[in-house]
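Data block below; observations after.
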Amino acid sequence: MTIREILKMGDPRLLLIAKPVQSFNTREMRTLIGDMFDTMHSVNGAGLAAPQIGVDLALVIFGFKQNQRYPDAQPVPETVLINPTITPISDAEEEGWEGCLSVPGLRGKVPRFARIRYTGFDEAGQVIDREAEGFHARVVQHECDHLIGKLYPMRVRDFTQFGYTSVLFPELDANEDD
Ligand code: NI
């Protein structure tokens, strides 16, 4: 079990376009994915992208049954998604609160496509092709943004809806390093 350091906003490695994964099911990839789950679970994250631990690859993980950082969120299947593409199913957008492990202590309201189709590969190279809505669609868009150097504050349109978690959501665990 290896918990890796999560890079914070300001680190130029978070601004890169991630490189596509070329070989699947390698020992290096299994170690990377294991470390990413250990790291995400250690801070109760809903998702994590490889660039957030300084690995320049198009690979994200996400999913939970219940998440204390997002107590109202519906469960999202635990997923490894490699070389993803996202296609909106309609132009409809939804605003919702997001945080990011690379932007600790803050939350912002971010517009996202309400319904998406996403495709990619799992760690064994099997095709993933799903439709998603609600928080599931949001977390996929958030994580995949990390692969094109976008952090959620760059998507915030109304900066009156951006602030400290401890002020906006005092009911959330005050000890969490959001
Ligand atoms: Ni994030």
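The values are calculated or read from the model by the stated rules, or taken from the named source; none is laboratory data. Computed from a prediction, not measured in an experiment: that's the story for all the values here. We place every Cβ from the backbone using ideal geometry, glycine too, and count neighbours over all the protein chains shown.
Here are some notes:
- If you go through segment 33-46 and pick out every residue that is surrounded by 15 or more Cβ atoms within 10 Å (Cβ to Cβ), in a helix (DSSP H, G or I) and touching a Ser or Thr at 6+ places or on another chain (Cβ under 9 Å), you end up with 2.
- Qualifying position, being closer than 19 Å to Ala137 by Cβ and of a type outside the set (Ser, Thr, Tyr), among Pro12, Pro84: Pro84
- Looking only at segment 129-144, and only at residues there that are under 17 Å from Leu48 (Cβ atoms) and among the aliphatic types (A, V, I, L, M), the one that is farthest from the ligand (Cβ to nearest atom): Val140
- Residue in segment 78-93 that is under 14 Å from the mean Cα position of the chain (by Cα), acidic (Asp, Glu) and within 16 Å of the ligand (Cβ to nearest atom) present: no
- Scanning segment 84-137 for residues that are at positive phi and surrounded by fewer than 19 Cβ atoms within 10 Å (Cβ to Cβ) yields Gly105, Gly125, Gly134.
- 2 or more residues more than 26 Å from Pro20 (Cα to Cα) and modelled with pLDDT of 95 or more: qualifying strands (runs of 3 or more DSSP E) within segment 47-152: 93-98, 106-113
- Residue list for segment 146-168, filter: without any contact (Cβ under 8 Å) to a residue 40 or more places away in the chain and within 11 Å of the ligand (Cβ to nearest atom): Lys150
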